[in-house]
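Written below as structure tokens is the structure these notes are about.
Just so it is clear, none of the values below were taken in a lab; they were calculated from the coordinates. Computed from a predicted model, the values in this text were never measured in an experiment. Reconstructed Cβ throughout: ideal geometry from the backbone, glycine too, with neighbour counts over all protein chains shown.
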Ligand code: FES
């Protein structure tokens with residue numbers, strides 16, 4: 001569980017990141033939730049950064 005307040009799982013955050021959410025706030029909105037206590041923000045951000053980095057490396061491989 002990434003966000004206890006909103007019951008958001010890691011796979012939910014990764015899915016939102018793949019759909020274009022660049023920040024935890026945008027990812028939570030895309031999932032129909034809102035950030036509350038904020039304790040999850042660093043973890044959610046790390047997951048989003050990781051997912052976006054993985055996406056861009058795939059895109060670069062496709063372009064090569
Ligand atoms: S744990 Fe995510 S807002 Fe509280």
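Peptides 3-12, 19-28: what's the order by average Cβ count within 10 Å, highest mean first?
Peptide ranking by packing, descending: 19-28, 3-12.
Applying 1/(1 + (r/R0)^6) with R0 = 35 Å to the Cβ-Cβ distance of residue 58 and residue 29, what FRET efficiency is obtained, to the nearest 0.05?
About 0.90, to the nearest 0.05.
Fully extended, how many nm does the chain gain between residue 18 and residue 50 (0.36 nm per residue separation, minus their Cα-Cα distance)?
Length gained between residue 18 and residue 50: 10.5 nm.
With a point put 7 Å past each Cα toward its Cβ, work out how far residue 10 is from residue 43 in nm, to one decimal.
1.0
With an 8 Å Cα cut-off and a minimum separation of 6 or more residues, compute the relative contact order for the chain in percent.
36
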